[in-house]
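> Got a structure here, written out as structure tokens. Questions coming.
Quick note: the coordinates plus some simple rules give every number you see, no bench work behind them. Worth saying up front: this structure is predicted, and the values here are computed from it rather than measured. Don't worry about glycine lacking a Cβ; one is built from the backbone with ideal geometry, like all the others, and counts go over all protein chains shown.
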Amino acid sequence: MEVLSPKKKEIRQLKQRLLYALLTLSPPLTQENELPPQHEWLSTRQLAEYINEGVYRARNLLLEMVANGDAIVSHGSVKNSLRWYPAATEQQRMVAARRKNGARTF
């Protein structure tokens, strides 16, 4: 078992809290199993406030989560803010689309 430094533990916990916020507060997929419009996704500020951290720290953590495949970021800023969505939902959408088209999933 890997022993984490206190700083790495803190970062892991913050990312877990961000992921929980994304999964519970994000709008649901549309009826067609598509992602909702990006202007409905959560803003950096909303997520930062949820985990009680600064906007810049939350943004850096969220960008790491995007790099790890845990979150999706908007293509550009919406109302001067990046928007975020859980990647797990995107994976669920892709699986549903494959099933709808008759493809097998493993």
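> With a cap of 12 neighbouring Cβ atoms within 10 Å, and only residues DSSP puts in a loop, list the trypsin sites (Lys or Arg not before Pro) found in segment 46-85.
Lys79
> Continuing with this model, one more query. What share of all Cα pairs of segment 1-66, in percent, falls into each consecutive 5 Å distance bin?
3, 16, 24, 22, 14, 10, 6, 3, 1
> Using label points projected 7 Å from each Cα along Cα→Cβ, tell me how many nm separate Tyr20 and Tyr56, to one decimal.
Between Tyr20 and Tyr56, the label points sit 2.7 nm apart.
> Apply the Karplus curve 6.51 cos²θ - 1.76 cosθ + 1.60, θ = phi - 60°, to the phi angles in segment 46-62 and return the couplings in whole Hz, x for Gly and Pro.
4, 5, 4, 5, 4, 8, 6, 10, x, 4, 5, 5, 4, 4, 4, 5, 5
> Evaluate the distance, in nm, between pseudo-label points positioned 7 Å from the Cα of Ala88 and of Gln31 along their respective Cα→Cβ axes.
That separation, rounded to one decimal, is 2.7 nm.
> Please sort by residue number the GluC sites (Glu not before Pro) in segment 12-89 whose DSSP state is loop and whose Cβ has at most 11 other Cβ atoms within 10 Å. Kindly include the intermediate steps, with their values, before the conclusion.
Values: sites: Glu32, Glu34, Glu40, Glu49, Glu53, Glu64; in loops: Glu32, Glu34, Glu53.
Passing sites in segment 12-89 are Glu32, Glu34.
> Label points 7 Å out from Cα along the Cβ direction at Ile11 and Ala67: separation in nm?
0.9 nm
> Would you grab the residues whose amide H sits under 5 Å from the one on Arg83? Only those 5+ places off in sequence or on another chain, please, with H modelled 1.01 Å from N.
Result for Arg83 returns Ser74, Val78.
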